[in-house]
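Please treat every number below as a calculation from the coordinates, not as lab data. All figures in this text were calculated on a predicted structure; none of them were measured in a lab. Cβ coordinates were reconstructed from backbone atoms using ideal geometry, including for glycine residues, and neighbour counts include every protein chain displayed.
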Amino acid sequence: MSSREDILGRVRVGLNRSATNAAAGRAEMAAALSNRSHGPKPAIDSNPQALLARFRIKSEQQSSTVDIVAQDSDVPVAVERYLTAMKLPKAAVAWPSLAPLDWVGAGLKVEGRGARDADLVGITGCFCAVAETGTLMLCSSPDTPAAVSLLPETHIAIVSASRILAYMEDAWTLARKELGVLPRAVNFISGPSRTGDIEQTIVLGAHGPYRVHLVIVES
């Protein structure tokens with residue numbers, strides 16, 4: 001038995017959950033999620049262009065940098081442009097799901113795999129993005145390993161404009177709708193990692209990447 005199975009088994013015992021009442025328990029939880037009341041939210045224009053504009057502003061306030069391109073095929077050139085401007089290596093690790101993009105044509109060496117400690121640049125997509133706070137939602141899977149956004153010093157994220165949602169609640173609703181069962185890890189990223197532990201001075205790159213660059217694809 002794995003540690004995960006052991007922990008979840010003890011939780012089931014504590015909740016008095018068994019094979020005979022599990023279905024009823026799931027139905028009860030689903031009903032609670034569907035009928036839950038929402039707290040106060042800021043007024044956000046749901047127009048796609050307005051969501052993109054707010055997401056960009058909020059992301060830049062979180063110390064991310066942003067580039068906008070027209071289509072997926074423009075992404076490799078946009079990534080090369082950023083790496084050149086920042087004087088960073090033209091090599092990166094990326095989610096395996098992004099391997100089909102023409103990285104070689106843009107002069108980049110990109111490997112589709114999980115990140116290792118020597119990787120300096122990581123390229124990911126995202127499940128969706130939240131305009132309210134300038135936040136990325138990343139869901140782990142074999143094709144979208146979490147380490148790519150966490151280990152390298154520089155994280156480049158590809159964001160589809162059509163996946164920019166207004167609120168955090170919308171992101172969870174979409175995940176339940178599209179994924180059914182939530183993945184092993186769901187990470188929310190709002191700019192580079194940071195800390196203010198020493199004299200309340202913000203330092204970027206404390207517990208992860210200290211650069212986050214977003215390439216937003218309009219179509």
Search result, residues across the stretch 54-77 that are acidic (Asp, Glu) and either within 11 Å of residue 158 (Cβ to Cβ) or buried (at least 16 other Cβ atoms within 10 Å of the Cβ) (or both):
67, 72, 74
In the stretch 22-119, which strands (runs of 3 or more DSSP E) lie fully inside it and hold 3 or more residues that are more than 21 Å from residue 164 (Cβ to Cβ)?
91-94, 109-112
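Could you check the stretch 139-157 and list, in sequence order, the residues that are within 17 Å of residue 62 (Cα to Cα) and crowded, with 18+ Cβ neighbours inside 10 Å? Before the answer, list the steps.
Restricting attention to the stretch 139-157, the residues satisfying the condition of being within 17 Å of residue 62 (Cα to Cα) are 149-150, 153-157.
Once the filter is applied, which keeps residues that are within 17 Å of residue 62 (Cα to Cα) and crowded, with 18+ Cβ neighbours inside 10 Å, the stretch 139-157 yields 149, 150, 154, 155, 156, 157.
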Residues of the stretch 21-49 being more than 16 Å from residue 169 (Cα to Cα) and either within 25 Å of the chain's Cα centre (by Cα) or not aliphatic (A, V, I, L, M) (or both), in sequence order, are 21, 25, 26, 28, 47, 48, 49
Mind telling me which of the residues 118, 206, 171 ends up being touching a residue at least 40 places away in the same chain (Cβ under 8 Å) and of a type in the set (A, V, I, L, M, F, W, C)?
171
Identify, from the list 100, 96, the residue that is over 27 Å from residue 203 (Cα atoms), surrounded by fewer than 12 Cβ atoms within 10 Å (Cβ to Cβ) and either of a type outside the set (Gly, Ala, Ser) or without any contact (Cβ under 8 Å) to a residue 12 or more places away in the chain (or both).
100
Run down 113, 184, 163, 176 and say which single residue is closer than 18 Å to residue 213 by Cβ, basic (Lys, Arg) and surrounded by fewer than 20 Cβ atoms within 10 Å (Cβ to Cβ).
163
